[in-house]
1. Within the stretch 16-33, track down each residue that is free of Cβ contacts under 8 Å to residues at least 60 places away in the same chain and either under 24 Å from PRO119 (Cβ atoms) or of a type in the set (Ser, Thr, Tyr) (or both).
2. Looking at the structure I just gave you, is ILE117 aliphatic (A, V, I, L, M) and without any contact (Cβ under 8 Å) to a residue 60 or more places away in the chain?
3. Quick one: ARG139 ticks every box in (1) under 21 Å from the mean Cα position of the chain (by Cα); (2) modelled with pLDDT of 95 or more; (3) in a helix (DSSP H, G or I) bar one, so which box is it?
4. Which numbered condition trips up GLY88, out of (1) at pLDDT below 90; (2) surrounded by 12 or more Cβ atoms within 10 Å (Cβ to Cβ)?
5. Are any residues in the stretch 47-74 more than 27 Å from VAL20 (Cβ to Cβ) and either of a type in the set (Gly, Ala, Ser) or loosely packed, with under 15 Cβ neighbours inside 10 Å (or both), and if so, which ones?
6. For the stretch 18-71, what are the residues that are of a type in the set (S, T, N, Q) and either modelled with pLDDT of 95 or more or not in a helix (DSSP H, G or I) (or both)?
7. What about VAL101, is it touching a Ser or Thr at 6+ places or on another chain (Cβ under 9 Å) and either closer than 27 Å to VAL155 by Cα or modelled with pLDDT of 95 or more (or both)?
8. Being modelled with pLDDT of 95 or more and not charged (D, E, K, R) is the requirement here; does LEU95 meet it?
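The values are calculated or read from the model by the stated rules, or taken from the named source; none is laboratory data. What you are looking at is a predicted structure, and each value in this text was computed from that prediction instead of being measured. Cβ coordinates were reconstructed from backbone atoms using ideal geometry, including for glycine residues, and neighbour counts include every protein chain displayed.
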Amino acid sequence: MRPVNTLKTAYPNDLIVYAVGRLYVLLDSYLYNTAYKEYGLNPAKFNLLMVIKHVGKDKGLSQRELGNNLYVTAANITKLIDALEKEGLVLRMALPDDRRVNLVKITEKGSKLLDEIWPKHVTSINKIFDSFSAPDKDRLNQLLQAFRKDMEAKVK
């Protein structure tokens, strides 16, 4: 593997991919330590609970729908749901007309946990961007959204 500092001129695209990957790891660690750790959650579990509560609402979501809304692979969704179900934070139920499909719903305990974590989550997110101006945040968001959309088109 090439040292990172040699990538700047010879391999600018590699440097971008490395920076995005490294940033993801740093964000994951930061959010875990500042917002979720004391509640026994990690960012993946937090995001899963948020999607189930706010996208699934009372209806719930299938595991496939969850995969379409999250940052984790389909293989990891089952493990995450198993862990959250064991902790009493979600409930998995078979669809009456298709028992091969499970709907996942948040429990009252899971909903209350999210309500308790939310202020720490917001504070942590805000601290990440303390040193950015509003125009810098807007530009960064525009670039990342364009990058994400382009990648989604390439992956499909």
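1. Within the stretch 16-33, TYR18, TYR24, LEU26, ASP28, SER29, TYR32, ASN33 meet the criteria.
2. No.
3. (1)
4. (1)
5. Correct list: GLY56, LYS57, ASP58, LYS59, GLY60, SER62.
6. Residues satisfying the conditions are SER29, ASN33, THR34, ASN42, SER62.
7. yes
8. Taking the combined requirement at face value, the residue does not satisfy it.
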